[in-house]
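Remarks on the structure that follows.
The values are calculated or read from the model by the stated rules, or taken from the named source; none is laboratory data. Since the model is a prediction, treat every value here as computed from it, not as a measurement. Surface accessibility is based on the protein's heavy atoms, side chains included, excluding ligands, DNA and RNA. Shrake-Rupley method; radii C 1.70, N 1.55, O 1.52, S 1.80 Å.
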Amino acid sequence: MSQSFNTTFAVNKTPQQIVDAIARPEIWWNELIEGSAAATGDEFGFHMPGVHTTKIRVTESTPGKRVVWHVLDNHFSFVDDQDEWLGTDVVFDIEPGAGEETTVRVTHVGLVPEFECYEVCSGAWTHHLNAGLRALLTTGHPAPTTAEKAAEVAAEFAAKAPAASK
């Protein structure tokens, strides 16, 4: 049986500082995000025309320990099976480590290698978690997807679409 996508990194921040950063995905993931991810029950999402639309609910936010996002709705322009992300969970587990280091383990439960989107999605998560969340926590300068970047990505996918359908 396949494993869900996961990655781990450590930063010199308190567990609560990490939970607070996770709650601001518009700062580190995608500037197009609308809604809130600050508390259990909050919902947020974004629309990247021609590429990705998603709606997510925060189903758990345990101070300094864990955040869970549940995917309510999702659409990718580049896969046939639009149910791949539906009902999956993005889990952020935060654990104090040695000294001032805190470990962040992110698992997208249900995002498995058998999925058509796995290669693109796992690469995107790796980018957003490192250049976005980790960068926010370590340098204060994250690189979220901007409207301009979303347009570039949409153009790239559109250019590849005819070749992929042949």
Under the rule of -39500 (n - 2.57) per DSSP H run of 4 or more residues, summed and divided by the residues of the chain, what mean residue ellipticity at 222 nm is obtained, to the nearest 500 deg cm²/dmol? -7500 deg cm²/dmol
When the Karplus curve 6.51 cos²θ - 1.76 cosθ + 1.60 is applied with θ = phi - 60°, which whole-Hz ³J(HN,Hα) does each residue of region 29-40 get, with x for Gly and Pro? 9, 8, 5, 7, 5, 10, x, 10, 10, 7, 8, 3
Find the accessible area per residue for the chain; the probe is 1.4 Å, ligands and nucleic acids are left out, and the unit is Å². 51 Å²
Can you sort 134, 24 by 1.4 Å-probe accessible area, starting with the largest? 24, 134
Taking the chain, the lysine pairs whose C-alpha atoms sit under 24 Å apart (8 or more places apart or on different chains) add up to 4
Reviewing (i) 104; (ii) 125; (iii) 202, the figure for volume of the Cα convex hull per residue in Å³ actually calculated from this model sits under (i)
Of all accessible surface on region 1-155 at a 1.4 Å probe, what whole percent is carbon and sulfur? 50 percent
